[in-house]
Amino acid sequence: MPELPEVETAKNGITPYLEGYLIEKIIVRQPKLRWEVSPQLAQISQQKITALSRRAKYLIIHTEQGYIIGHLGMSGSVRIVSARDPVDKHDHLDIVMNNGKIMRYNDPRRFGAWLWSANLDEFHLFLKLGPEPLSDEFNAEYLFKKSRKKQTPVKNFLMDNSVVVGVGNIYANETLFMCGLHPEKITAKLTKAQCALLVEKIKQELKRAIEQGGTTLKDFLQPDGRPGYFAQELQIYGKKGAPCPNCGTKIESLVVAQRNSYFCPKCQKK
């Protein structure tokens, strides 16, 4: 699944080809995604794209009349193509621009979404989202306050979008390792110092991933068609049985909230 850095990378990659240009039309080949593609999209014509932004893992295309909101789901990707490029089997949506470019959405598993909203403040999927992890609002004081009385494992807590958005499975694993915290540690037992360290490392790791173009996942393609190369620098995720980069102990795994969790039993004692 594309993580927050992948979505940020995709946004940055397509912005030069969309921002400031007119949408000539939107071609919807397959409306049945995670949710039905908003019918308003197929009616858009000669609308100027004024900006692109991101909220959590949602890609937001700002137009003069409203907002096109995309989610890449489990296997989705966006790329820039031209009209002469052939359409692949899983190319479900095209945003055709007046500069000869097309933003093409590909999604083999069809678990993404393309929706329309006239007002972002009232968009139903955004109403309960927590702060952005790279914002000033996400700080040690906030996280410590949120953690009180929480009896859930800390990994679940970090991946809860109502607490903070965009900390997916990969980055939750990496951050907990860097902080020396076991993924099953009870959230309410976090100290203020541990919350401060978590905030610091979450911001650090996400910034680093964004700078390097996102994490390599088999289903993700950067907009120019080249895979990212950040995954090879991950310290612990997906490395069960490999030596811990800190102490050499074999990395172990367990399932927390139905997701694989990787940890060093020596560095991250429960």
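The values are calculated or read from the model by the stated rules, or taken from the named source; none is laboratory data. Predicted model, so just to flag it, every value in this text is computed and none were measured. Note that we place each Cβ from the backbone using ideal geometry, even for glycine, and neighbour counts take in every protein chain shown. Ligands, DNA and RNA are stripped out before the accessible areas are found, and what is left, the full protein with its side chains, is counted by its heavy atoms. Shrake-Rupley method; radii C 1.70, N 1.55, O 1.52, S 1.80 Å.
Things worth noting here:
- Charge context of residue 200, other residues only, Cβ under 14 angstrom, K/R +1, D/E -1: +1
- Size of electric dipole in the range 1-48: Cβ of Lys, Arg +1 and of Asp, Glu -1, about Cα centre, debye, nearest 20: 260
- Net charge dipole size for the chain [Lys, Arg +1 and Asp, Glu -1 on Cβ; Debye, nearest 20]: 1140
- Mean residue ellipticity (222 nm) of the chain, computed from DSSP H runs ≥ 4 via -39,500 (n - 2.57), nearest 500: -7000 deg cm²/dmol
- Dipole of the range 106-205, positive end: most advanced residue of 186, 120, 199 [Cβ charges, Cα centre]: 186
- Computed over the chain, Cα set: Rg, Dmax in Å: 19.8, 60
- Accessible surface comparison of 36, 184, 122, probe 1.4 Å, protein chains only, largest first: the order is 122, 36, 184.
- For the peptides 5-14, 152-161, residues were scored by their other Cβ atoms within 10 Å and the scores averaged per peptide; the highest-first order is 5-14, 152-161.
- Total formal charge among the other residues, if their Cβ is under 10 angstrom from that of residue 54, Lys/Arg +1 and Asp/Glu -1: +1
- Additional length obtainable on full extension of the chain from residue 204 to residue 152, 0.36 nm per residue less Cα span: 16.3 nm
- Global form of the range 1-69, assessed from the alpha-carbon gyration tensor, a/c cut-off 1.5: oblate
- The chain: DSSP helices with Cα axial extent of at least 20 Å and average Kyte-Doolittle hydropathy no lower than -1.0: 4-18, 192-211
- Nearest-20 debye value, the range 76-179 charge dipole, Cβ charges on Lys, Arg, Asp, Glu: 380
- Cβ-based net charge around residue 66, under 14 Å, with every Lys or Arg adding one and every Asp or Glu removing one: -2
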